[in-house]
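Taking it in order: structure first as structure tokens, then the write-up.
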Amino acid sequence: MDWTRYDAALFDLDGVITPTAIVHMRAWSEMFNAYLTSRGIAEPYTDEDYFAYVDGKPRYDGVRTFLASRGIMLPEGEPTDAPGTETVCGLGNGKNDAFRTVLERDGVEPYAGSVQLLDHLAAIGTKVAVVSSSQNARPVLTSAGLVDRFPVIVDGVVARQDRLAGKPAPDTFLDAAERLGVPRERAVVLEDAESGVAAGRAGGFGLVVGVDRGAGVDRLTASGADVVVSDLAELVP
């Protein structure tokens with residue numbers, strides 16, 4: 001990997017820098033399966049559903065997309081809906097509560113290979129940003145001891161405030177590149193989700209790196225990854 005060809009690296013967070021995907025997966029599973037059971041639906045929510053409908057998307061989009069896969073339509077509701085309310089927002093808020101509980105209880109450690117790459121990029125002066133659909137990006141980075149590494153964090157909170165379309169639209173990545181002052185052609189997108197890889201490809205970035213944490217090489221490549229690695233240490237010369 002010749003990093004001198006690029007001026008910035010735009011990192012997804014969950015599954016790329018920190019192994020928080022497993023926390024998200026457990027929180028989604030508990031919330032969705034409890035809801036499906038309450039409706040008398042026998043087919044359970046599975047890890048395959050996570051990768052196909054939820055992974056990398058804004059929380060409410062994930063709720064809406066998964067429910068549609070089961071033929072369920074709910075009112076949108078409001079972001080202030082109480083967790084468990086039978087609306088898209090209510091279910092999403094229930095998942096978010098579960099995630100925060102696990103994060104506060106157990107904390108999170110970054111991937112060693114990801115820290116190795118961040119150290120290398122800092123040494124050669126490559127700009128970095130986090131681009132995450134999560135509204136918990138800052139708490140996760142703080143827990144991992146990395147929040148000070150990123151001068152630009154475009155997360156779910158920023159996307160909502162600035163009305164940026166979520167992944168697979170490229171808007172959040174493009175916004176991060178603009179904040180860093182780097183042309184898209186000189187920026188690398190690093191993503192583990194199919195929707196995020198597709199966003200990188202749609203944005204016309206210089207390189208899209210898929211990080212295979214479970215989605216699979218074939219699916220990441222089909223979504224638009226130029227190269228797929230299993231650990232970011234592979235990108236350190």
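For the reader, a short list of remarks on this structure follows.
- Matching residues, the range 226-237, being closer than 14 Å to VAL16 by Cα, in a loop (DSSP other than H, G, I, E, B) and in contact (Cβ under 8 Å) with a residue 24 or more places away in the chain: ASP231
- Filtering the range 82-99 for residues that are assigned to a helix (DSSP H, G or I), touching a His at 6+ places or on another chain (Cβ under 7 Å) and of a type outside the set (Asp, Glu) leaves a non-empty set.
- Some residue of the range 116-129 being touching a helix residue (DSSP H, G or I) at 6+ places or on another chain (Cβ under 9 Å), surrounded by 16 or more Cβ atoms within 10 Å (Cβ to Cβ) and of a type in the set (D, E, K, R): yes
- Taking the conditions (1) closer than 16 Å to GLN116 by Cα; (2) surrounded by 20 or more Cβ atoms within 10 Å (Cβ to Cβ) in turn, ALA21 satisfies each one other than (1).
- Filter result (in a loop (DSSP other than H, G, I, E, B), open to solvent by less than 20 Å² (accessible area, probe 1.4 Å) and out of contact with any Ser or Thr (no Cβ under 9 Å at 6 or more places or on another chain)) within the range 130-164: PHE150
- Hey, LEU190 touching a residue at least 40 places away in the same chain (Cβ under 8 Å), open to solvent by less than 40 Å² (accessible area, probe 1.4 Å) and touching a Phe, Trp or Tyr at 6+ places or on another chain (Cβ under 7 Å) or not: yes
- Residues being in contact (Cβ under 8 Å) with a residue 60 or more places away in the chain and open to solvent by 30 Å² or more (accessible area, probe 1.4 Å) - total across the range 205-218: 3
- Being in a loop (DSSP other than H, G, I, E, B), modelled with pLDDT under 95 and surrounded by fewer than 18 Cβ atoms within 10 Å (Cβ to Cβ) is a property that does not hold for PRO75.
- Count - residues of the range 203-225 that are in a loop (DSSP other than H, G, I, E, B) and of a type in the set (A, V, I, L, M, F, W, C): 3
- So ASP49, is it in contact with a Gly (Cβ under 6 Å, 6 or more places away or on another chain) and open to solvent by less than 20 Å² (accessible area, probe 1.4 Å): no
- Any pair with Cβ under 7 angstrom, 6 or more apart, that starts in the range 26-55 at a residue that is assigned to a helix (DSSP H, G or I) and ends at one that is open to solvent by 50 Å² or more (accessible area, probe 1.4 Å): ASN33/PRO44; LEU36/PRO44
- Checked across the range 106-114, the condition of being aromatic (Phe, Trp, Tyr) and either open to solvent by 10 Å² or more (accessible area, probe 1.4 Å) or in contact with a strand residue (DSSP E or B) (Cβ under 7 Å, 6 or more places away or on another chain) (or both) holds for at least one residue.
The values are calculated or read from the model by the stated rules, or taken from the named source; none is laboratory data. The model shown is predicted, which means the values in this text are computed figures rather than measured ones. FYI the Cβ positions are ideal-geometry reconstructions off the backbone, even for glycines, and counts take in every protein chain you see. Remember, those area values only see protein heavy atoms, side chains included, never the ligands or the DNA or RNA. Shrake-Rupley method; radii C 1.70, N 1.55, O 1.52, S 1.80 Å.
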